[in-house]
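Trainee: Can you read through this structure? Questions will come right after.
Any read-out appearing in this document is the output of simple, stated calculations on the displayed coordinates, not a laboratory observation. If you're wondering where the values come from, they're calculated on a predicted model, not measured in any experiment. Don't worry about glycine lacking a Cβ; one is built from the backbone with ideal geometry, like all the others, and counts go over all protein chains shown.
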C-alpha cells in the first residue's frame, strides 16, 4: 500500500523541520541493511544528536526546495538513500557512522552538504577527524584551569614581589643617606683644618 498524500506531506514537513535544526547532512547508500541494522545505526548516532531518516529521494527533494544551503543535496538524490542529519556535533556523528560502516560493511557514503557546500568522502572524513564537542569542551576547560592557576600563582607572588621592591627602595634610601652624612662630615673636617692653618699663620 502506497503512502497517502497527507502522509507524504507529514514526512516532508518533518524533513524540513529536522533540516532547519541541522548543520550537516550526509547521504548514504543503505541498500541491503536490515531493520535491525538501521536501528543500530540510529542508536549509535543518538548520543551526538544526529538522526537517520530513510525516505524517498523525491520527498527529500521537495523538502529542500527553496532552501539554498541544502540545494547541493539534489546531486546526491539517487538510489536507495538514507539521510544522516546532524545538528552540531558532526565529528561524533561521523565517527559513529564510520564505526557502523566498519561493523556492517554494507553502506557507502555518497557525500554530504554543509553550509551550502557539497562534500565528498574525503571532506567528510576530514570533518570526522576534528575533535568532538566533548573533546573541545575538555580542551577549553583545561585551558581555563591553566590560566586560572597562572593568575592565582601571580597573585600569590605579588606580596613577595612588593615586599622585595619596598626593601630595595628602603636600602637605596638608607645607602643614599649614609653617603650624604659622610659628605657633610668630610666638609666639616676640611673646614676645621683650614681654620687651624689660618690661626697658625697669624701667630707667626
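Trainee: When you count, for each residue, the other Cβ atoms within 10 Å and take the mean per peptide, how do 76-82, 92-98 rank with the highest first?
Mentor: Values: 76-82: 16.7, 92-98: 22.6.
Highest to lowest by the protection proxy: 92-98, 76-82.
Trainee: Test of understanding: ordering 35, 51 by Cβ neighbours within 10 Å, fewest first, what list do you get?
Mentor: Values: 35 8, 51 17.
Ranking 35, 51 by Cβ neighbours within 10 Å, fewest first, gives 35, 51.
Trainee: Which of 38, 11 comes first, and how do the rest follow, when ranked by fewest Cβ neighbours within 10 Å? Write out the running numbers ahead of the final one.
Mentor: Details: 38 15, 11 18.
So the residues, fewest neighbours to most, are 38, 11.
Trainee: Which whole-percent values make up P(r) of region 34-140 when all C-alpha to C-alpha distances are grouped in 10 Å steps starting at zero?
Mentor: 14, 45, 34, 7, 0
Trainee: Ok, one more. Take 114, 60 and order them by how many other Cβ atoms sit within 10 Å, fewest up front.
Mentor: Taking fewest neighbouring Cβ atoms as first place, the list is 114, 60.
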